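Step one of this worksheet: look at the structure below.
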Amino acid sequence: MTARIDPITSEVIRNAYNAIADDMSAMIARSAYSPIIYEAHDYGIALFDRHARLLGQYAGLPLFTGGLDAGLKATIERYGLENLRAGDVFTVNDTFITGGHLNDVDVIGVIADEEEVLGFIAIRAHWADIGTAEPGFPVNSRNIFQEGVRWGPTRIVEGGEFVRDVIDLLCLNSRVPRTLMGDLKAQLAAIRLGSDRMIWLKKRFGRDVIEACADQIFDTTDRKFRAFISSIPDGVYTAEGCSDDDGVTDDPVEAKVTVTIKGDTMLVDTHGSSKQRPGNLNTGFANTVSAVRLALALLYPEAEPDINDGSFRAMEVKAESGSIYAAEAPAPCMRPHPVMLLIDLIIKALSDVLPDDVAAGLPGDSWNVFLMGMDPRSGKHFTSGEALDGGWGASAKGDGPSAVIHSAAGDFRNMPVETLEHRAPVRIRRLELGAGSGGAGKFRGGQNCVKEYEALAPMTVTLHFDRAKTPEWGLFGGEDGSSPVVTVVNAEHPEGFVVRKAEQLPLGTGDRFTAETGGGGGYGPASERSAEAQAADIADGIVAKAG
């Protein structure tokens, strides 16, 4: 029989898990070598009990944390719980296990004392280079083997010591082995910190109390989410859209979602979506599950809902094997854009029955810019990557925020101009909000981001800008936001030419390109916008004065 724990103790322990994850985040951000980690925070952290049930998380990149259980469960299955010891650390990046692309590497630490395994810590972080066919973040890969080294659950640290053969293999397959090791060691340092805190927690409260609290926390959270789902009228709700293309063919990549509400349960089914494509917009099923979990959390009426093992017990996810949402090897999966679209579509599907809890079209792409070349200042190769912000959709509560990262990324941050100019021979000529880019409505969509780059040395740029064919839509009479576009200006094209997806497009010294992301969708008819809000739009330069 599970002991009944008083609510104060339960809350102290519940908050302790999230506080531990937050401290681990600070450790990574201050220790990593890659700016995509220490500046952009391209990582996720989750704490699990010995049964691989989610206890708490650093909610920085929610699409990561929603899928970290998949790699952990695969690791336990391969090695056996009875064979795991204190000081053991494992790693896995196989897209078809974890759902992430191969650069998103899960590092999993065992929390154990002299008596038993207490739980696990899983950290997923974007590693700068793991041996892709071309440097950076390919747009045009056609199979998983072009996207870098792929591995299943692998022991990387045993009893506190590196498994040297594995470390050598990883370093030999990276163009930046020093950076790889720096980022890995940052993850390991965070795992040590988290393990020490979790062991202290056990000593402070005792195993029985800790386990009883976990069961109580999970059950309480489950009841809360079921109550929310029960508030949605029973029914079958659908929405569909598309990604522009897969980078290999020009055909749109169709996405369809069916949400079935029955009592206190939710079924999300992606049948009807495109079969897996020759281009790399496919994803492993674990990533689809994570996206659906995130959509439910975004719909939940509290701003910061409890996220743990109890949050998603009432939800089931289905996807057709061999489709873009449950890809099978050797499908390329470097840019799983459709999962961002899926989040948006789930919200759209339920908008008619949850009008006060939804937003219009959200930033549905990472809008990546990767610069590569030789830096004449140092004589060394450089690779710099970033994801740009866009406009968030408006809601019944007000205008959409401007210059926000896409919905899958949470705490992901922009690359500071100073950091980019220091690490690459590039000048940022302007970084500003796009006037009039948010969809008009009773409440206006958020403004996009406009960033102009100038090459100070020869280099190449890889671009991935999606959502031109399915822009950030308006709801209830609101208008769509602006479409993303990149305009390149050089000696041959002084008037500029438009491109949205490009693999290592050459730039000469002095060449420029301007990246414009998507604007958020509007909410409600523009005719209902208040005169006061319209005057503020004109005063702020968001829209031009009529006439």
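The values are calculated or read from the model by the stated rules, or taken from the named source; none is laboratory data. Every value quoted in this text rests on a predicted model; they were computed, and no experiment measured them. Positions of Cβ are backbone-derived with ideal geometry, glycine not excepted, and every protein chain shown enters the neighbour counts.
Here residue 5 clears all of (1) out of contact with any strand residue (DSSP E or B) (no Cβ under 9 Å at 6 or more places or on another chain); (2) at pLDDT 95 or above except the condition numbered (2).
Being farther than 30 Å from residue 417 by Cα and of a type in the set (Val, Ile, Thr) is a property that does not hold for residue 65. How about the stretch 417-433: which of its residues are at pLDDT below 95 and touching an Asp or Glu at 6+ places or on another chain (Cβ under 6 Å)? Hit for the stretch 417-433 is 419, nothing else. Of 192, 175, all but one fail to be modelled with pLDDT under 95, of a type outside the set (A, V, I, L, M) and surrounded by fewer than 18 Cβ atoms within 10 Å (Cβ to Cβ); the exception is 175. Listed conditions (1) hydroxyl-bearing (Ser, Thr, Tyr); (2) more than 26 Å from residue 43 (Cα to Cα); (3) part of a loop (DSSP other than H, G, I, E, B) are all met by residue 174, apart from (2). Condition test on residue 48, is it among the aromatic types (Phe, Trp, Tyr) and assigned to a helix (DSSP H, G or I)? Taking the combined requirement at face value, the residue does not satisfy it. Does residue 335 qualify as being under 22 Å from residue 473 (Cβ atoms) and either in contact (Cβ under 8 Å) with a residue 40 or more places away in the chain or of a type outside the set (A, V, I, L, M, F, W, C) (or both)? Spelling it out, residue 335 is indeed under 22 Å from residue 473 (Cβ atoms) and either in contact (Cβ under 8 Å) with a residue 40 or more places away in the chain or of a type outside the set (A, V, I, L, M, F, W, C) (or both). The set of residues in the stretch 223-242 being among the small types (Gly, Ala, Ser) and either at pLDDT below 95 or touching a Ser or Thr at 6+ places or on another chain (Cβ under 7 Å) (or both) consists of 241 alone. Report, by residue number, each residue of the stretch 508-541 that is in contact (Cβ under 8 Å) with a residue 60 or more places away in the chain and either closer than 30 Å to residue 426 by Cβ or hydrophobic (A, V, I, L, M, F, W, C) (or both). Across the stretch 508-541, the qualifying residues are 512, 513, 514, 515, 516, 517, 518, 519, 520, 526, 533, 541. Among the residues of the stretch 178-186, are any assigned to a helix (DSSP H, G or I), within 26 Å of the chain's Cα centre (by Cα) and hydroxyl-bearing (Ser, Thr, Tyr)? Yes, some residue in the stretch 178-186 is assigned to a helix (DSSP H, G or I), within 26 Å of the chain's Cα centre (by Cα) and hydroxyl-bearing (Ser, Thr, Tyr). Would you point out the residue of the stretch 501-517, among those that are touching an Asp or Glu at 6+ places or on another chain (Cβ under 8 Å) and modelled with pLDDT under 95, that is nearest to residue 458 (Cα to Cα)? Per the criteria, the residue is 504.
Of the listed requirements (1) over 30 Å from residue 274 (Cα atoms); (2) out of contact with any Cys (no Cβ under 8 Å at 6 or more places or on another chain), residue 239 misses just one: (1). Listed by position, the strands (runs of 3 or more DSSP E) enclosed by the stretch 289-387 that each have at least 3 residues that are farther than 15 Å from residue 66 by Cα and either touching a Ser or Thr at 6+ places or on another chain (Cβ under 9 Å) or in the same structural domain as residue 439 (by TED's automatic domain parsing) (or both) are 368-375, 380-387.
Flag set for residue 23, criterion: surrounded by fewer than 21 Cβ atoms within 10 Å (Cβ to Cβ), in contact with a helix residue (DSSP H, G or I) (Cβ under 7 Å, 6 or more places away or on another chain), within 16 Å of residue 190 (Cα to Cα) and of a type in the set (D, E, K, R). Here is a check on your reading of the model: is residue 280 farther than 30 Å from residue 446 by Cα and either assigned by TED's automatic domain parsing to the domain that holds residue 501 or crowded, with 22+ Cβ neighbours inside 10 Å (or both)? No, not satisfied. The requirement of being surrounded by fewer than 23 Cβ atoms within 10 Å (Cβ to Cβ) and of a type outside the set (A, V, I, L, M, F, W, C) is fulfilled nowhere in the stretch 333-344; no residue meets it. In the stretch 470-518, the residue that is farthest from residue 528 (Cα to Cα) out of those that are outside any loop (DSSP other than H, G, I, E, B) and of a type in the set (Asp, Glu) is 503. Within the stretch 193-206, residues that are closer than 14 Å to residue 13 by Cβ have Cβ atoms under 6 Å from residues that are in a helix (DSSP H, G or I) and of a type in the set (Phe, Trp, Tyr) in no pair, counting only partners at least 6 apart in sequence or on another chain.
Residues of the stretch 388-423 that are under 17 Å from the mean Cα position of the chain (by Cα) and in a strand (DSSP E or B): 390, 404. For the stretch 503-547, filtered to residues that are among the hydroxyl-bearing types (Ser, Thr, Tyr) and surrounded by 13 or more Cβ atoms within 10 Å (Cβ to Cβ), the residue that is farthest from residue 455 (Cα to Cα) is 523.
The set of residues from the stretch 457-500 being farther than 23 Å from residue 245 by Cα, of a type outside the set (A, V, I, L, M) and in contact (Cβ under 8 Å) with a residue 40 or more places away in the chain comprises 458, 476, 477, 478, 479.
Given the criteria modelled with pLDDT of 95 or more and farther than 28 Å from residue 283 by Cβ, does residue 263 qualify? Considered against the rule, which asks whether it is modelled with pLDDT of 95 or more and farther than 28 Å from residue 283 by Cβ, residue 263 comes out as yes.
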